[in-house]
Amino acid sequence: MTGTDPAAEGGRADRRRQERRSRRLRRTRRAGELPLLVAVAVCVALVLKTFLVQAFFIPSGSMEQTIRIGDRVLVDKLTPWFGSEIERGDVVVFEDPGGWLTHEAARQAPGPAGVEQVRQALTFIGLLPSADEQDLIKRVIGIGGDTVACCDTRGRVTVNGAPLDEPYVYPGNAPSAIRFEVLVPLGRIFVMGDHRANSADSRYHLDEDFQGTVDEKGVVGEAVVIAWPFGHWHRLEQPATFLMVPDQVREGRRGGRRRRGGTPFA
């Protein structure tokens, strides 16, 4: 009968102890790395929100049917850093010039306790859009140097004398029920919502300084895509009608020209 070698048994026991110790060390190391990984992820998300892309919640129907109430749009905040310019037809998010938001719809209702705190945390780091931003979203109709007017003999808005065919305007709406003619100052933009009968845009501030135009410095960025809900996902292209508008004086505008091709959308 062969006995068990005590030295071999001791060696196996030592190896098992070492393996258990190694597993504990690996678990401890992974647990210690988790807060660092979370911190890095939060920092990356904050950088993206601040300089690259930010999500915005749409609380009103002023841009229907193009953008609907409750949609989430992604706004490009990067390209202005490289000298790109705001162009006619762009859909832009801009800071409230003063009192415009009082005419917009109510903000998104808060969620249940607990869920609302999580939503606020994700909003802070840019993973969810904020419903509390003091910003508006409209379409750029005229840029600095343009003359925007309404209406021609067929009831259309004109830019530098060129009539706009606007398939994106809300069905049943006239291009504008308000008659106006505005020479847009350099460095400013004239904006209108696609739901013309439900948009307190530049037309409603014609008696204010700069005739309702918005300072380009207040533009947060260009809305480039509807990201949510998935069933309404699509890119926001520059409608072809604006490609037919003749240019006016462009001195004083920053950077080089930018043109994005695209087809009209409803």
### Task
Provide the FRET efficiency to the nearest 0.05 for the Thr147-Asp215 pair, computing r from the beta carbons and using R0 = 25 Å.
0.85
### Query
Which residues' amide hydrogens lie under 5 Å from the amide hydrogen of Trp228, considering only partners 5 or more residues apart or on another chain, with H built in the peptide plane?
Arg72
## Note on the structure
On the formula 1/(1 + (r/R0)^6), with r taken between the Cβ atoms of Phe230 and Glu181 and R0 of 41 Å, the FRET efficiency rounded to 0.05 is 0.45
### Query
Among the trypsin sites (Lys or Arg not before Pro) within the stretch 168-247, which fall in a DSSP loop and have no more than 16 other Cβ atoms within 10 Å of their own Cβ?
Arg179
### Task
May I ask you to give the percent of accessible area on the stretch 171-210 that is carbon plus sulfur, with a probe radius of 1.4 Å?
53
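The values are calculated or read from the model by the stated rules, or taken from the named source; none is laboratory data. Keep in mind it's a predicted model, so treat the numbers as computed, not measured. Here Cβ is always computed from backbone atoms with ideal geometry, including for glycine, and neighbour counts include all displayed protein chains. For the accessible areas, the whole protein counts, side chains as well, though only heavy atoms, and no ligand, DNA or RNA atoms are used. Shrake-Rupley method; radii C 1.70, N 1.55, O 1.52, S 1.80 Å.
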